[in-house]
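**Student:** The structure's right below; bear with me while I get my questions together.
The values are calculated or read from the model by the stated rules, or taken from the named source; none is laboratory data. All values reported here derive from a predicted model rather than from experimental measurement. Methodologically, a virtual Cβ is constructed for each residue, glycine included, from the backbone with ideal geometry; neighbour enumeration extends over all protein chains shown.
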Amino acid sequence: MLTIDQAKPLYKNDAAHDFDHILRVLANAQQIGQAENADMAILQTAVLLHDIARADQERTGEDHAVIGAQRAKQILTDLNYKPDFIQAVYHAIVTHRFRIDAPPTTLEAKILYDADKLDSIGAIGMARVFAYSGHANRSLWRDNTDEHTALQEYQHKLVKIKDSLFTVTARQIAIGRHRFMAEFVEQIIAEIQGVR
(Lines give C-alpha, C1' and ligand atoms only; values in the text may rest on other atoms or scores of the structure.)
Protein backbone atom coordinates (compact mmCIF):
# COMPACT_ATOMS: atom_id res chain seq x y z
CA MET A 1 0.00 0.00 0.00
CA LEU A 2 1.35 3.43 -0.97
CA THR A 3 1.99 5.82 1.92
CA ILE A 4 1.22 9.50 2.43
CA ASP A 5 4.95 10.26 2.49
CA GLN A 6 5.42 8.56 -0.89
CA ALA A 7 2.52 10.43 -2.48
CA LYS A 8 2.96 13.96 -1.12
CA PRO A 9 5.93 14.96 -3.35
CA LEU A 10 3.85 14.11 -6.45
CA TYR A 11 1.46 17.03 -5.88
CA LYS A 12 1.91 20.62 -7.02
CA ASN A 13 -1.72 21.52 -7.75
CA ASP A 14 -3.91 24.57 -7.21
CA ALA A 15 -5.51 25.19 -3.79
CA ALA A 16 -8.71 23.31 -4.71
CA HIS A 17 -6.77 20.17 -5.68
CA ASP A 18 -3.73 20.34 -3.40
CA PHE A 19 -2.50 17.65 -1.02
CA ASP A 20 -4.94 18.79 1.67
CA HIS A 21 -7.69 17.73 -0.77
CA ILE A 22 -6.02 14.32 -1.03
CA LEU A 23 -5.94 13.97 2.76
CA ARG A 24 -9.65 14.91 3.04
CA VAL A 25 -10.54 12.40 0.32
CA LEU A 26 -8.47 9.80 2.16
CA ALA A 27 -10.40 10.46 5.39
CA ASN A 28 -13.69 10.14 3.49
CA ALA A 29 -12.49 6.95 1.79
CA GLN A 30 -11.38 5.40 5.07
CA GLN A 31 -14.78 6.05 6.65
CA ILE A 32 -16.68 4.71 3.63
CA GLY A 33 -14.27 1.85 2.93
CA GLN A 34 -14.45 0.47 6.46
CA ALA A 35 -18.26 0.63 6.45
CA GLU A 36 -18.49 -0.97 2.99
CA ASN A 37 -15.76 -3.64 3.53
CA ALA A 38 -13.40 -2.41 0.82
CA ASP A 39 -9.84 -3.52 0.15
CA MET A 40 -8.20 -0.67 2.03
CA ALA A 41 -4.76 -1.13 0.45
CA ILE A 42 -6.14 -0.67 -3.07
CA LEU A 43 -8.38 2.16 -1.90
CA GLN A 44 -5.67 4.13 -0.08
CA THR A 45 -3.25 3.77 -2.99
CA ALA A 46 -5.86 4.94 -5.50
CA VAL A 47 -6.84 7.90 -3.32
CA LEU A 48 -3.24 9.00 -2.85
CA LEU A 49 -2.57 8.94 -6.61
CA HIS A 50 -5.93 9.99 -8.08
CA ASP A 51 -5.07 13.66 -8.80
CA ILE A 52 -1.36 13.40 -9.64
CA ALA A 53 -2.01 14.65 -13.18
CA ARG A 54 -4.30 17.54 -12.26
CA ALA A 55 -1.58 20.11 -13.03
CA ASP A 56 -1.09 18.44 -16.43
CA GLN A 57 -4.77 18.96 -17.22
CA GLU A 58 -4.44 22.64 -16.33
CA ARG A 59 -1.50 22.94 -18.69
CA THR A 60 -2.59 20.72 -21.61
CA GLY A 61 -6.35 20.29 -21.31
CA GLU A 62 -5.98 16.49 -21.32
CA ASP A 63 -8.10 14.41 -18.93
CA HIS A 64 -6.22 14.19 -15.63
CA ALA A 65 -7.93 10.90 -14.73
CA VAL A 66 -6.56 9.16 -17.83
CA ILE A 67 -3.07 10.65 -17.53
CA GLY A 68 -3.02 10.06 -13.78
CA ALA A 69 -4.10 6.42 -14.11
CA GLN A 70 -1.31 5.80 -16.61
CA ARG A 71 1.24 7.54 -14.40
CA ALA A 72 0.03 5.61 -11.33
CA LYS A 73 0.39 2.35 -13.26
CA GLN A 74 4.01 3.21 -14.05
CA ILE A 75 4.77 4.27 -10.46
CA LEU A 76 3.33 1.06 -9.02
CA THR A 77 5.05 -1.09 -11.66
CA ASP A 78 8.38 0.52 -10.76
CA LEU A 79 7.66 -0.25 -7.10
CA ASN A 80 6.99 -3.94 -7.97
CA TYR A 81 3.31 -4.06 -7.05
CA LYS A 82 1.36 -7.06 -8.38
CA PRO A 83 -0.43 -6.63 -11.73
CA ASP A 84 -3.92 -7.24 -10.27
CA PHE A 85 -3.34 -4.58 -7.61
CA ILE A 86 -2.04 -2.14 -10.23
CA GLN A 87 -5.07 -2.76 -12.47
CA ALA A 88 -7.47 -2.19 -9.56
CA VAL A 89 -5.80 1.14 -8.74
CA TYR A 90 -5.73 2.10 -12.43
CA HIS A 91 -9.47 1.43 -12.80
CA ALA A 92 -10.32 3.47 -9.70
CA ILE A 93 -8.31 6.47 -10.89
CA VAL A 94 -9.45 6.42 -14.51
CA THR A 95 -13.13 6.37 -13.47
CA HIS A 96 -13.09 8.90 -10.60
CA ARG A 97 -14.31 11.96 -12.52
CA PHE A 98 -17.86 13.33 -12.37
CA ARG A 99 -17.96 14.10 -16.09
CA ILE A 100 -17.13 10.69 -17.58
CA ASP A 101 -18.90 8.16 -19.76
CA ALA A 102 -17.44 5.04 -18.11
CA PRO A 103 -18.55 4.77 -14.47
CA PRO A 104 -16.58 2.84 -11.84
CA THR A 105 -17.42 -0.86 -11.52
CA THR A 106 -15.37 -2.11 -8.56
CA LEU A 107 -16.17 -1.31 -4.93
CA GLU A 108 -12.87 0.52 -4.43
CA ALA A 109 -13.39 2.60 -7.58
CA LYS A 110 -16.91 3.51 -6.47
CA ILE A 111 -15.60 4.54 -3.06
CA LEU A 112 -12.85 6.70 -4.56
CA TYR A 113 -15.49 8.39 -6.72
CA ASP A 114 -17.75 8.92 -3.70
CA ALA A 115 -14.96 10.12 -1.38
CA ASP A 116 -13.70 12.57 -3.99
CA LYS A 117 -17.19 13.89 -4.71
CA LEU A 118 -17.95 14.34 -1.00
CA ASP A 119 -15.03 16.78 -0.92
CA SER A 120 -16.81 18.71 -3.70
CA ILE A 121 -19.91 19.47 -1.65
CA GLY A 122 -20.76 20.98 1.70
CA ALA A 123 -18.70 23.75 3.30
CA ILE A 124 -15.41 22.44 1.92
CA GLY A 125 -16.95 22.01 -1.52
CA MET A 126 -18.16 25.60 -1.65
CA ALA A 127 -14.78 26.85 -0.41
CA ARG A 128 -13.07 24.84 -3.15
CA VAL A 129 -15.39 26.24 -5.83
CA PHE A 130 -14.51 29.80 -4.84
CA ALA A 131 -10.80 28.97 -4.52
CA TYR A 132 -10.75 27.43 -7.98
CA SER A 133 -12.79 30.28 -9.45
CA GLY A 134 -10.19 32.71 -8.15
CA HIS A 135 -7.39 30.55 -9.54
CA ALA A 136 -9.13 30.46 -12.95
CA ASN A 137 -9.99 34.19 -12.78
CA ARG A 138 -13.73 33.50 -12.89
CA SER A 139 -16.45 35.71 -11.50
CA LEU A 140 -18.36 34.82 -8.34
CA TRP A 141 -21.66 35.41 -10.11
CA ARG A 142 -23.05 37.17 -13.16
CA ASP A 143 -26.63 37.40 -14.35
CA ASN A 144 -27.47 36.48 -17.96
CA THR A 145 -23.99 35.45 -19.08
CA ASP A 146 -22.33 32.50 -20.76
CA GLU A 147 -19.31 32.98 -18.51
CA HIS A 148 -18.77 30.00 -16.19
CA THR A 149 -18.97 31.39 -12.65
CA ALA A 150 -18.65 29.90 -9.19
CA LEU A 151 -22.42 29.82 -8.73
CA GLN A 152 -22.89 28.19 -12.13
CA GLU A 153 -20.55 25.41 -10.98
CA TYR A 154 -22.92 24.86 -8.07
CA GLN A 155 -26.00 24.96 -10.30
CA HIS A 156 -24.60 22.72 -13.06
CA LYS A 157 -22.54 20.21 -11.07
CA LEU A 158 -22.63 20.35 -7.29
CA VAL A 159 -26.40 20.03 -6.93
CA LYS A 160 -26.16 16.71 -8.84
CA ILE A 161 -23.39 15.15 -6.74
CA LYS A 162 -25.59 13.72 -3.96
CA ASP A 163 -27.63 11.67 -6.44
CA SER A 164 -24.56 10.44 -8.34
CA LEU A 165 -22.96 8.63 -5.36
CA PHE A 166 -22.67 4.84 -5.37
CA THR A 167 -22.40 3.73 -1.74
CA VAL A 168 -24.99 3.86 1.02
CA THR A 169 -22.44 5.34 3.42
CA ALA A 170 -21.51 8.20 1.09
CA ARG A 171 -25.15 8.98 0.31
CA GLN A 172 -25.84 9.30 4.05
CA ILE A 173 -22.90 11.66 4.53
CA ALA A 174 -23.97 13.71 1.50
CA ILE A 175 -27.41 14.60 2.90
CA GLY A 176 -26.13 17.17 5.40
CA ARG A 177 -23.47 18.54 3.07
CA HIS A 178 -26.03 19.01 0.29
CA ARG A 179 -28.41 20.80 2.65
CA PHE A 180 -25.67 23.16 3.80
CA MET A 181 -24.77 24.07 0.21
CA ALA A 182 -28.36 24.80 -0.73
CA GLU A 183 -28.79 27.12 2.28
CA PHE A 184 -25.45 28.80 1.62
CA VAL A 185 -26.27 29.49 -2.04
CA GLU A 186 -29.73 30.73 -1.10
CA GLN A 187 -28.07 33.22 1.26
CA ILE A 188 -25.54 34.35 -1.37
CA ILE A 189 -28.26 34.93 -3.96
CA ALA A 190 -30.32 36.88 -1.43
CA GLU A 191 -27.31 39.06 -0.62
CA ILE A 192 -26.57 39.62 -4.32
CA GLN A 193 -30.16 40.75 -4.78
CA GLY A 194 -29.97 42.95 -1.69
CA VAL A 195 -32.86 41.28 0.10
CA ARG A 196 -30.91 40.05 3.15
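**Student:** From 78, 51, which residue is over 18 Å from the mean Cα position of the chain (by Cα), modelled with pLDDT of 95 or more and among the acidic types (Asp, Glu)?
**Tutor:** 78
**Student:** Residues to consider are 17, 50, 96, 91; find the one that is of a type outside the set (A, V, I, L, M), within 18 Å of residue 128 (Cβ to Cβ), surrounded by 15 or more Cβ atoms within 10 Å (Cβ to Cβ) and in contact with a Pro (Cβ under 8 Å, 6 or more places away or on another chain).
**Tutor:** Just a single option satisfies the conditions, and that option is 96.
**Student:** Taking the conditions exactly as written (more than 25 Å from residue 102 (Cα to Cα), crowded, with 16+ Cβ neighbours inside 10 Å, within 16 Å of the chain's Cα centre (by Cα) and hydroxyl-bearing (Ser, Thr, Tyr)), does residue 154 satisfy them or not?
**Tutor:** no
**Student:** OK, next. Check off (1) surrounded by fewer than 17 Cβ atoms within 10 Å (Cβ to Cβ); (2) at pLDDT 95 or above for residue 25 and give me the number that stays unchecked.
**Tutor:** (1)
**Student:** With the requirement that a residue be of a type in the set (A, V, I, L, M) and surrounded by fewer than 20 Cβ atoms within 10 Å (Cβ to Cβ), what does the range 157-175 give you?
**Tutor:** 159, 168, 175
**Student:** If you don't mind, there's one more thing I want to ask. Would you mention how many residues in the range 58-97 are more than 12 Å from residue 112 (Cβ to Cβ) and of a type outside the set (Lys, Arg)?
**Tutor:** The total comes to 22.
**Student:** Would you call residue 181 in contact with a Gly (Cβ under 9 Å, 6 or more places away or on another chain), surrounded by 12 or more Cβ atoms within 10 Å (Cβ to Cβ) and under 23 Å from residue 20 (Cα atoms)?
**Tutor:** Yes, satisfied.
**Student:** I'd like the full set of residues that are exposed (fewer than 14 other Cβ atoms within 10 Å of the Cβ) and free of Cβ contacts under 8 Å to residues at least 24 places away in the same chain, limited to the range 104-138.
**Tutor:** Hits for the range 104-138 are 105, 127, 136, 137.
**Student:** Right, another one. Please work out if residue 42 is surrounded by 23 or more Cβ atoms within 10 Å (Cβ to Cβ), touching a Ser or Thr at 6+ places or on another chain (Cβ under 9 Å) and either closer than 21 Å to residue 12 by Cα or at pLDDT 95 or above (or both).
**Tutor:** For residue 42, the condition - surrounded by 23 or more Cβ atoms within 10 Å (Cβ to Cβ), touching a Ser or Thr at 6+ places or on another chain (Cβ under 9 Å) and either closer than 21 Å to residue 12 by Cα or at pLDDT 95 or above (or both) - is met.
**Student:** Kindly list the number of the only condition in (1) within 17 Å of the chain's Cα centre (by Cα); (2) under 15 Å from residue 167 (Cβ atoms); (3) assigned to a helix (DSSP H, G or I) that fails for residue 103.
**Tutor:** (3)
**Student:** Might you check whether a residue that is farther than 23 Å from residue 87 by Cβ and among the polar types (S, T, N, Q) occurs anywhere in the range 35-46?
**Tutor:** The answer is no; no qualifying residue exists.
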